[in-house]
Every structure is written in C-alpha cells, then in structure tokens.
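The values are calculated or read from the model by the stated rules, or taken from the named source; none is laboratory data. Predicted, not measured: the structure shown is a model, and the values here were computed from it. Positions of Cβ are backbone-derived with ideal geometry, glycine not excepted, and every protein chain shown enters the neighbour counts. When the accessible area is computed, the model is the full protein with side chains, heavy atoms only, and any ligands, DNA or RNA have been set aside. Shrake-Rupley method; radii C 1.70, N 1.55, O 1.52, S 1.80 Å.
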Amino acid sequence: MGMKRWSGFIPALALVLALAACGGGDAKESAAPSSSGSKATPQEPVNLKFMFWGSNEEKKAVEGMVKSFNDSHPHIQVTAEHVPGDYNTKINTLMASNELPDVAYLPDSLASKWGSEGRLLDFTPFVEKSEELQNRLPASFYYSEPGKVVGYATAAEVMVIYYNKDLFTEAGLELPPVEAEKAWTWEQFVEVAKKLTKDKNGRTAADPDFDPKNVDQYGFSFGADRSTWAPLMASNGASITDESGMNYAMNSPESVEVFQALQDLLFKYRVSPDLIQQKNMPDNYVRLQTRKVAMVLDGTWAQLDISKAKLNYGIGVLPVFKEPKTTYIAGASVVFADTEHPDEAMEFYKFHNNPEQVDLYRTGLWMPVETKYYTDQAAIDLWTKEVHPPEWKTAAIDYALNYSVKSPSASLKNWPELNTKITPALEMIWTNKKSAKEALDELEAQVQPLLQGKYADR
C-alpha cells in the first residue's frame, strides 16, 4: 500500500501505532485500495454444479444457457453435467454418498418425496423477496409442507391433441376445438374418430362394412401411462384415491367409465391401435405425417418434433366427460439443502429456466412456468412467434393456465411403488383381457396397502 511521507522527527514506532489507530486495527481495512491506485485481490468465483437430463438438443440448449450465465456472472461459475442414461439411479447414488450437485433436475415424484424429507433447500425466504418466484403457475410449485416452497417444475407441459389438418379436410370434418369451453364431449369425439378411421378399402369405422382387421388409417392413438388417463379421469371427477390420498378410489363409477371408454376405442370401435400394434409404429409426429393416424394425444413438448415435420398440423384441447381438464406433467428443478452457496445457487436457478435465456421455449420443447408468459402479450410473443401455431394461445397457454391439474406422480406419496401395481393392472384393460371394472376392482387389494397420503399442494 502506498503511504504519505511524514516528518522525519516522528519515530517509526509512533507512526505504526498512529496508522493502526486510524484503521481501527482491522487487517481488512489495511488491505483496501489507496490513493496510489493499487487494487484488492479479485474475489474468487463461487463454483456450482448443475445436473440435468434430456435429448442431445436439450443438452446443447442447456449448455448454451450455462455458458451465458457464466459469462454474465463472473463471480459464479457453473459446471453442467448431462446424464444421458438412468438419471434416477445416478441421483440416488449421489444422495447416498453425500455427493449431490447444488442444482439439479428431479423427477416429479422424487422432488415431492425429498422435499417432504427436508433434503431440498427451503425456497420460502427467496420467494418472499422475488416477484419472479411468486408469480408462477400454481401446478409448478413443490412444497415440503403447506406454505413452504422447495422447488418448481423446470417447465410447464400439458396434454393436448395434435392432428393432421389435411385428413380432416378430406373427410369434410371441422377441426378439433381449440378452446376448453368448446371441447368435444366424449361421444362427439368418438364419432369424429370413427369417420377418420379407414380400412384398406376406404370404408370408415362408421360404415357397417368396415373391416377392423385391415385398418389403413386410425382416427386416434394414445399412450398407456398417466399422461393419457389422468386428465380424462380428472375431467370426469375421478382420481386414484380420495382427497386424503389414503383410500383407493380408482374403481369408482367415474373412473371405470373413463377406462372403459378408452378400452372401447381399442376393441369396440377399433379407432385406435392397441399396445401391441403401437410397438411397431413410429413416433407420433411420424404417424401424423405418414397419415397412419389422424389425431394423437401427446404433451406440448411434442411441438419441437412436430414443428420440424413436413406436416399441415394443428393442436386442440382434449374431449371432456364432465368438465375440461388437462394434466400438468413436468420434472422439477431443485436446489439441494446441503449446498454451501444457497444465494448463488438461487441466482443460477432463476436464470436456468428463463425463456429469455433458453431456446427450448422458442423451439417448442418447453412452456414457461412464470405466469407473465401466459398473460402478457409481449411476453407470450417472446417464446411463441417462431414455431407455434396460432391456436397455441387458447389450446395450450390458456389451457395450462386455467385447466391443468397436477399429475398423480407429483401429488401422491409412494408413487413409484403405486405405479408398479397400477401399470400391469391397466395392461389387462389395454390388452382386452379384462373389463375396466374387473381390472380396477382387483387392483384395490394391491394399491390400498401402499397408500400413504398426498403431498402438500399449496
């Protein structure tokens, strides 16, 4: 440090004591820059680790986001690790060995579980100070207990119908509704699916001479997991359990009606390919593109692939039983409770799924979680102007904002164990080995002992 020249008659010891008194004896003060222009040693950056999954395209986009963050935050440097394989095994191994990253993706069921066990950082103090964190879609919140936030969904994803517009035009049919309030009833939907299902001779499933053994074009296809049946159950006022999460309810009349209706699509009306047939079929966007299927039930994430296909497509809302509903299905992003840098981790957390920083929103894979991207037109335009169809505003944005319910995988405790019993039981329905009522009645004895209640949802 530079020093002023003092009169020569002051003893050296007196000079040292005088300077110490002026500085309060604080070593940090003595290292401050002086009028000579010397500078303090730059602060060492905080190093964080971020772990995530995803396709190669998602990997590329996320790594670009991390680089942008590091470039704009020299005091925080994030190392990203992409896990292409079994993410659950990897993260559970890291938990067991106390080698967790600071920030990470988590499957929704695991985020709910670890949040309730205190393994995730309590976001509540940060939420209280951040409008950005407060104003997120209700279904995106994860709570450890009522009012205590421990994370959010990485992105918003809901279930919709994608369809080939040309097939509707050729059949002389109106396009699927794009507003939840105008959704088809289930009966209307079935009639449309019949008219879009054709055999090798061009006869539709509405024709008495239709040949179900030689179908050339199906009206509809759907998957076998919760993403298909959960929104339809919700539409009919049904659920896996009662409100407490402690009592099995999947064999209620409302639930049986939904599963029987889906089974009828496969084996009564023959308007959908069954599970065995689907194993030999390509992805949904290829099914639409090759005119093998007219409509598919899929998540909004499918927009990424469908928008790249040579296809005249559109999206619509799901048919209803009693009221419009769709399911909010998305993995979570969390900060682990044992991070040594919670403030810096939260700074990165708010950056990592910001649509202004990540291309995955504009390219169609993700939907934002902050509500302004659903209600403010300028914010909506920011992520929907490139590849999203015009009906996206009502059929996806408004749908997610006003009609989405949390997936049972995020809301029910013990979901992985429950799902190991539910999946094979439902296969009896999807393969026509049992009626919906038979399969769901028999399932009660397997599911009831595993029920442990629900996680906090607000």
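Once the 1.4 Å probe is applied to the protein heavy atoms, the stretch 276-332 comes out at 41 Å² accessible per residue. A straight chain from Lys322 to Glu174 at 0.36 nm per residue would run longer than the Cα-Cα distance by 51.1 nm. The modelled label-to-label distance for the pair Thr290/Glu438, using points 7 Å beyond Cα in the direction of Cβ, is 3.4 nm. Summarising the amide proton neighbourhood of Val320: residues at separation of 5 or more, or on other chains, whose placed amide H is nearer than 5 Å comprise Trp184, Thr185, Trp186.
Taking only DSSP H segments of four or more residues, each worth -39500 (n - 2.57), what value at 222 nm results for the chain once the sum is divided by all its residues, to the nearest 500 deg cm²/dmol?
-10500 deg cm²/dmol
Apolar share of the accessible surface for the chain: 49 percent from carbon plus sulfur atoms, 1.4 Å probe. The slack between Lys60 and Asn135, meaning 0.36 nm per residue of separation minus the straight C-alpha distance, is 24.2 nm. With the whole protein complex present, Trp229 retains an accessible surface near 10 Å², based on a 1.4 Å probe.
Electrostatic tally near Asn92: other residues with Cβ closer than 14 Å to its Cβ, Lys and Arg +1, Asp and Glu -1, net 0.
For the chain, averaging the sequence separation of C-alpha pairs within contact (under 8 Å, six or more residues apart) and dividing by the residue count gives a relative contact order of 23 percent. Strictly over 20 Å apart at the Cα level, which of Lys194/Lys268; Lys350/Lys372; Lys59/Lys279 would you flag in this model? Going by Cα-Cα distance, Lys59/Lys279 fall outside the 20 Å limit.
The angle between the Cα long axis of helix 253-267 and the longest principal axis of the Cα atoms of the chain comes to about 70 degrees, rounded to the nearest 10.
Using alpha-carbon pairs under 8 Å, 6+ residues apart, how would you state the relative contact order of the stretch 211-270 in percent?
25 percent
Loop-resident GluC sites (Glu not before Pro) (DSSP state other than H, G, I, E or B) in the stretch 80-185 with no more than 12 further Cβ atoms inside 10 Å of their Cβ: Glu99, Glu117, Glu174.
With a simple spin-label model that places each label point 7 Å from the Cα along the Cα-to-Cβ direction, the separation between Glu128 and Gln43 comes to 2.3 nm. Of the whole protein surface, Met295 contributes about 0 Å² of accessible area at a 1.4 Å probe radius.
For the peptides 255-265, 88-98, residues were scored by their other Cβ atoms within 10 Å and the scores averaged per peptide; the highest-first order is 255-265, 88-98. Each label was represented as a point 7 Å from its Cα along the Cα-to-Cβ direction; for Ala309 and Glu181 these points are 3.2 nm apart.
Look at [x] 22, 48, 19, 7, 4, 0; [y] 23, 52, 25, 1; [z] 25, 55, 19, 1: the one that is P(r) over Cα pairs in 20 Å bins from 0, in percent derived from this structure is [x]. Using C-alpha pairs below 8 Å separated by at least 6 residues, the relative contact order for the stretch 320-401 is 24 percent. Which net charge results when you count Lys and Arg as +1 and Asp and Glu as -1 among the other residues whose beta-carbon is under 12 Å from that of Val149? Result for the neighbourhood of Val149: -1.
Considering only the chain, what is the antiparallel percent among its DSSP beta bridges, to the nearest 5? Approximately 65 percent, going by the DSSP bridge assignments.
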